[in-house]
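The values are calculated or read from the model by the stated rules, or taken from the named source; none is laboratory data. Keep in mind it's a predicted model, so treat the numbers as computed, not measured. Ideal geometry is used to build each Cβ from the backbone, glycine not excepted, and the neighbour counts take in all protein chains shown.
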Ligand SMILES: NC(=O)c1ccc[n+]([C@@H]2O[C@H](COP(=O)([O-])OP(=O)(O)OC[C@H]3O[C@@H](n4cnc5c(N)ncnc54)[C@H](OP(=O)(O)O)[C@@H]3O)[C@@H](O)[C@H]2O)c1
């Protein structure tokens, strides 16, 4: 199947590590020109090195999306550099685990500011050029835990509420911009672990005399969310789903919450 990503222009927010980094690298490998952002220059540079080593084209943008003007600036720099915009992967996120009774107003504000308001501003800025040419694909990265806001010891009600809000916005945007031929979906990850994270878990397992899979099943069981596949997902596995959703191969899937969690969550 041809993804048709060659020559496309994409923005990936939070592209410095994790799922975002894997998505930048995969889209670039497929021939897209990819602008991506984070606040950490060292991570941006590491991704640039990896992409260019494979002959890909990318634009690292060091920016703090909590700042009001940042989303417009990111889109402006992308269009200045590449002359177009076809794809947005709104992936950046901030995750804090803290008990409900200990959460301060500042915790709630920061969590909503990054996970919801910054995502809203990025979508608003990226949609303008897509509407003008009546073509585009958007993926907003939400979280599997929106359907299970209290999983065992893993308390983060402010995070799940903000991530539920972006999934809700994705549904709205799909309806609003469907007539403009713009497809908008949310992805809901769980257990998207980088290679380093998986290696770290393997070491923990060894120290406890367990196989990596036994260790993972124990941990996942403890927080009450065990994937059907009994293993975590690699960031590359998440990137592949995202790449399909933003590709020309996806012409009729829009307004959907796509759970990427190895079969961990039951549909609500
Ligand atoms: N991994 C999972 O299993 C999982 C599960 C549920 C949901 N998710 C969601 O999936 C997305 C990716 O997850 P991940 O695990 O790959 O996350 P991650 O490793 O924490 O990476 C998040 C990225 O967002 C960037 N970012 C955060 N705040 C930012 C800001 N204010 N301005 C610009 N960039 C910012 C970070 O860079 P800097 O910190 O350097 O700015 C980083 O590049 C996130 O939205 C996360 O909430 C992931």
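Residue by residue, here is whether (1) in contact (Cβ under 8 Å) with a residue 24 or more places away in the chain; (2) within 22 Å of residue 191 (Cβ to Cβ); (3) away from the ligand (no atom under 13 Å from the Cβ) holds:
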position: 118; (1), (2), (3): yes, no, no
position: 128; (1), (2), (3): yes, no, yes
position: 144; (1), (2), (3): yes, yes, no
position: 150; (1), (2), (3): no, yes, yes
position: 169; (1), (2), (3): yes, no, yes
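Matching residues to (1) within 16 Å of the ligand (Cβ to nearest atom); (2) touching a residue at least 40 places away in the same chain (Cβ under 8 Å):
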{"position": "136", "(1), (2)": "no, yes"}
{"position": "139", "(1), (2)": "yes, yes"}
{"position": "163", "(1), (2)": "yes, yes"}
{"position": "166", "(1), (2)": "yes, yes"}
{"position": "177", "(1), (2)": "no, yes"}
{"position": "188", "(1), (2)": "yes, yes"}
{"position": "196", "(1), (2)": "yes, no"}
{"position": "203", "(1), (2)": "no, no"}
Legend entry - Output for the range 82-106, where each listed residue is exposed (fewer than 15 other Cβ atoms within 10 Å of the Cβ) and in a helix (DSSP H, G or I): 100, 101, 102, 105, 106
Inset, instruction - Go through the residues of the range 32-39 one by one and say whether even a single one is in a loop (DSSP other than H, G, I, E, B), buried (at least 24 other Cβ atoms within 10 Å of the Cβ), within 11 Å of the ligand (Cβ to nearest atom) and at pLDDT 95 or above. - result: no
Inset, instruction - Go over the candidates 29, 45, 17 one by one and state the one that is surrounded by fewer than 20 Cβ atoms within 10 Å (Cβ to Cβ) and near the ligand (Cβ under 8 Å from one of its atoms). - result: 17
Inset, instruction - Assess whether residue 73 counts as being under 22 Å from residue 131 (Cβ atoms), within 14 Å of the ligand (Cβ to nearest atom) and out of contact with any helix residue (DSSP H, G or I) (no Cβ under 8 Å at 6 or more places or on another chain). - result: yes
Inset, instruction - Could you tell me which of the residues 244, 216 is out of contact with any strand residue (DSSP E or B) (no Cβ under 8 Å at 6 or more places or on another chain), at pLDDT 95 or above, farther than 26 Å from residue 111 by Cβ and surrounded by 14 or more Cβ atoms within 10 Å (Cβ to Cβ)? - result: 244
Legend entry - From 228, 202, 186, 220, residue being in a strand (DSSP E or B) and either touching a helix residue (DSSP H, G or I) at 6+ places or on another chain (Cβ under 7 Å) or farther than 17 Å from residue 91 by Cβ (or both): 186
Legend entry - Flag if residue 78 is within 13 Å of the ligand (Cβ to nearest atom), surrounded by 15 or more Cβ atoms within 10 Å (Cβ to Cβ) and either free of Cβ contacts under 8 Å to residues at least 24 places away in the same chain or part of a helix (DSSP H, G or I) (or both): no
Inset, instruction - With respect to residue 178, determine if the residue is part of a loop (DSSP other than H, G, I, E, B) and at pLDDT 95 or above. - result: no
